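Everything on this sheet refers to the single structure shown next.
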Amino acid sequence: MFRKIFMLIITGFVLSGFAGQEIIMSGSTTVLPIAQKTAEVFMSKHPDIKITVRGGGSGVGIASLIDKTCDIADSSRPIKDKEIQTAAGKGVNPKANVIAVDGIAVVVHPSNPLDGLTSQQVKDIYTGKISNWSELGGSNTKIVVVSRDSASGTFEAFGELALHGEKVRPDALMQASNQAVATTVAQTPGAICYVGLGYVNSSLKLLSIDGIIPSKQTVLKKQYKYARPLFMYTDGEPKGIIKSYIDFVTGKEGQKIVEEVGFIGLH
Amino acid sequence: MRWLKVVLMMLLMVNLSFASEVERLVEKLVEKGIITEGEAYKILTEAEEEAKKQEAVARKDTDKISGWIKNTKFKGDARLRYEYIGRENQDGSYIADRERWRIRFRWGFDTKVNDQIEAGFRIATGDSQDPTSANQTLTQAFNDKYIWLDKAYITYKPVPTLSITGGKMTNPFYTNLIWSSDLNPEGVSFVKNFPVDEGKGNFYLLGGYFPILERSNDIEDPYMTGFQIGYAGKIQEKKFKAAIAYYDYYGLKDSKASEISPSCYNKGNTLYGAGTNARYKYDYDILDLSVEFTPFEFNYRDTMLPLTFYGDYGKNIAAGVKENIGYLYGFQLGSAKKQKSWQFNYDYRRLEADAVVEFMPDDSFAQGGTDCKGHTLGFRYATSDNSTLGITYMITEGLGNTKKVDADILQIDYSVSF
């Protein structure tokens with residue numbers, strides 16, 4: 001009898017060691033689609049593991065990692081020195097795991113004669129200093145500025161990489177999705193917009209920036225300006241189920257998801 | 001591929017300037033098809049981030065130290081002195097001359113605790129606990145010398161123009177005669193500044209309470225209160241400084257002088273009783289006026305030589321005191337601060353027996369204390385920035401109230417500050 005009870009207790013302990021394991025992820029809204037989709041697929045393959053995904057922004061994710069209230073911090077920017085130092089003070093060792101690259105393409109209507117812009121011209125168009133294509137050597141057509149709305153990670157990334165923190169001109173047409181942006185530009189001759197590199201199609205004309213045509217190759221070689229790595233930060237080298245998940249994201253299947261949601265994969 | 005990442009990371013951590021070499025190496029690996037461009041991107045970015053992290057963590061510790069260092073000013077000075085004292089008793093009886101080598105070393109710091117609070121600390125040499133001197137005579141077969149606590153204080157500045165200091169502090173009172181420059185009073189003081197003329201001048205009001213002795217069996221302990229009103233600034237573009245002070249000693253009269261200042265008594269004040277039982281005969285309520293003015297500056301071989309006149313007049317206004325006047329007048333030409341600059345000074349002073357308390361004035365003139373008069377001539381040359389070679393000659397006489405000897409004193413000093 002005692003032997004049976006003993007065996008039951010041991011079995012319970014062993015099972016509880018595997019059952020109900022949870023990963024909590026928090027952070028960047030840009031990384032959120034990757035995190036949600038990969039978590040969904042990963043959980044379907046590992047039903048004993050639960051992954052909770054929260055947004056909030058890169059800063060929130062990193063702060064949660066430092067406070068040990070999440071296991072993975074999703075971030076669309078590198079961790080800051082101050083955050084590293086705060087983490088060190090709390091015994092946390094933030095480890096950068098690059099999971100994808102966010103490349104942003106500047107696109108125009110296919111009828112636009114221009115092949116490229118400088119990064120300064122892009123900034124001037126989006127901040128309102130340039131309003132007509134003729135100022136850039138194009139036809140005498142008003143520039144219709146199209147932008148992603150402020151809730152999108154692409155908007156945030158473009159503001160940082162192309163506008164260096166300056167605000168988008170108030171008369172810009174704000175669109176809620178990459179698809180809506182693409183459709184608007186494809187139908188408006190004077191339009192200009194930016195989209196995730198994965199959303200460029202034949203109905204849009206891709207512009208070079210400072211002479212560099214955006215492509216997976218120029219982004220990965222760090223030649224193209226409007227690109228940034230996306231991170232999943234962990235406390236030290238990932239271990240256990242966290243390692244399994246990160247390996248999944250950076251593996252073939254995960255990277256396929258990365259490209260499906262519009263980012264540049266690492267394979 | 002993990003081994004590759006570790007190697008690249010280590011290279012970057014050793015020195016970020018390896019970054020371009022590491023990039024070239026990774027490019028080659030991509031060219032040869034060993035890794036993909038995506039893997040190369042991941043490896044390089046993660047390695048760079050790791051290297052930056054290591055740097056930030058290392059900087060954290062450095063910043064912690066440098067933050068304290070940034071708010072702390074260390075100060076020190078050292079002086080080597082040769083001194084010859086030619087002495088003569090006033091009754092003509094024999095007294096030997098004296099020759100000695102002395103050192104003085106002081107070191108300390110002021111640190112800013114926050115925007116309103118500062119703290120300071122200084123240690124110094126000294127033959128004894130004599131408050132008027134930090135000189136240490138070289139004697140007794142190379143035995144080790146004492147280091148004393150010379151200053152230890154906290155200053156609170158509730159507003160920029162008001163400071164309140166407590167502890168053993170830098171003497172807040174300005175004087176040319178009655179305080180030794182080595183003396184650091186103990187107690188609590190405040191200074192309220194009233195800047196004028198767009199900050200070029202400043203009126204100030206200064207006050208303080210300073211315990212003199214704490215007796216374990218008596219609540220009526222001697223203390224001093226002092227007040228000073230002064231101005232420092234310019235009058236018609238000429239440097240000018242003046243102050244009037246009042247020092248009121250409580251409880252000195254009838255106290256044992258040896259108990260009040262064990263290492264600085266029987267140096268000129270009128271005492272009654274003998275030896276260590278001798279007691280102060282009078283009270284000390286001292287009025288003092290100090291002034292200095294720089295009316296001229298001469299251009300000598302492309303060096304500006306300021307000519308400063310200075311003076312002091314003090315009087316002990318306590319009842320019944322006869323030898324109660326002290327005064328000094330003199331001038332200084334030049335200023336030995338930068339390399340090859342020099343200064344010459346002369347003053348005459350008279351300090352009657354009970355003009356001030358004997359533990360207050362300079363310890364060199366007439367070998368310290370009161371009841372003396374005489375001349376001081378000095379020349380100082382800056383051998384480099386922050387170091388000077390100086391010679392001082394004092395011709396002093398006792399005034400006869402006590403058995404003070406006449407003394408001619410020669411001092412040759414080499415001083416550095418850092």
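Each value in this text was obtained by applying a stated rule to the coordinates, not by laboratory testing. This is a predicted model, so every value here is computed, not measured. Note that we place each Cβ from the backbone using ideal geometry, even for glycine, and neighbour counts take in every protein chain shown.
Where does the range B:245-345 land on the Kirkwood hydrodynamic radius, alpha-carbon pairs, in angstrom?
16.7
May I ask you to list the residues of the range A:106-131 whose amide nitrogen lies under 19 Å from a point 7 Å from Cα along the Cα→beta-carbon direction of A:Thr183? Within reach of a label on A:Thr183: A:107-110.
Looking at the range B:369-418, which trypsin sites (Lys or Arg not before Pro) are DSSP coil and have at most 13 other C-beta atoms within 10 Å of their C-beta? It would help to have the intermediate numbers written out before the result.
Details: sites: B:Lys373, B:Arg380, B:Lys403, B:Lys404; in loops: B:Lys403, B:Lys404.
For trypsin sites (Lys or Arg not before Pro) across the range B:369-418 that sit outside H, G, I, E and B with at most 13 neighbouring Cβ atoms in 10 Å, the list reads B:Lys403.
Altogether, the Stokes-Einstein calculation at 25 °C and 0.890 mPa s, with the Kirkwood radius of chain A over Cα pairs as Rh, returns a diffusion coefficient of 121 µm²/s. Computed from the C-beta positions of B:Ser216 and B:Asn266, the FRET efficiency with R₀ = 25 Å rounds to 0.55.
Beyond a 25 Å Cα-Cα separation, which of these cross-linked pairs lie in this structure: A:Lys239/B:Lys60; B:Lys157/B:Lys338; A:Lys129/A:Lys205; B:Lys73/B:Lys157; B:Lys73/B:Lys151; A:Lys142/A:Lys205? Violating the 25 Å limit, Cα to Cα: A:Lys239/B:Lys60; B:Lys157/B:Lys338. Our summary of shape: the Cα atoms of the range A:168-267 have principal axis extents of 53, 29, 26 Å, ordered from largest down, in whole angstrom. Among the lysines, select those whose C-alpha is under 18 Å from the C-alpha of A:Lys221, and discard any that sit fewer than 8 residues away in the same chain. Partners found: B:Lys5, B:Lys28, B:Lys32, B:Lys42.
Positive end of the dipole of the protein assembly as shown (Cβ unit charges, origin at the Cα centre): among B:Asn171, B:Ala141, B:Trp68, the Cα lying farthest that way belongs to B:Trp68.
Each of B:Phe109 and A:Ala151 was given a label point 7 Å from its Cα along the Cα-to-Cβ line. The distance between the two points is 5.5 nm. Fewest neighbouring Cβ atoms within 10 Å first, the residues B:Met394, A:Met232, A:Met43 line up as A:Met43, B:Met394, A:Met232.
Computed from the Cβ-Cβ distance with R0 of 56 Å, the FRET efficiency linking B:Tyr231 to B:Glu99 stands at 0.80.
From largest to smallest, what semi-axes in whole angstrom does the range A:102-220 give when each is the square root of 5 times an eigenvalue of its alpha carbon gyration tensor? Write down the numbers at each step before the final one.
Working: eigenvalues 64, 53, 45 Å².
So the three semi-axes of the range A:102-220 are 18, 16, 15 Å.
Contact order, relative form, for the range A:172-246: 16 percent (alpha carbon pairs under 8 Å, 6 or more residues apart, mean separation divided by residue count). From the Cα gyration tensor of the range B:78-129, with a ≥ b ≥ c the square roots of its eigenvalues, which class applies: rounded if a/c is under 1.5, or else prolate if a/b is larger than b/c, or else oblate? Prolate shape, in that a/c is at least 1.5 and a/b is the bigger ratio. Entry note, chain A: relative contact order of 26 percent, from Cα contacts under 8 Å with a spacing of 6+ residues. Here the range B:79-417 is treated with +1 on each Lys and Arg Cβ and -1 on each Asp and Glu Cβ, and its dipole about the Cα centre works out to around 780 debye. For the range B:303-387, the normalised intensity computed at q = 0.16, 0.26 Å⁻¹ comes to -0.70, -1.16 (log10 of I(q)/I(0), Debye sum over alpha carbons, equal scatterers, no solvent).
Roughly how many Å is it from the Cα centre of the range B:123-137 to that of the range B:259-298, as a whole number? So the separation of the two Cα centres works out to 18 Å.
For a distance above 38 Å, tell me the whole-number percent of Cα pairs in the range B:79-417 that qualify.
Numbers: 8606 of 57291 pairs.
Result for the distance tail: 15 percent.
As a length-normalised measure over Cα pairs under 8 Å and 6 or more apart, the relative contact order of chain B settles at 12 percent. Share of pairwise Cα-Cα distances greater than 48 Å in the protein assembly as shown is 50 percent (whole percent).
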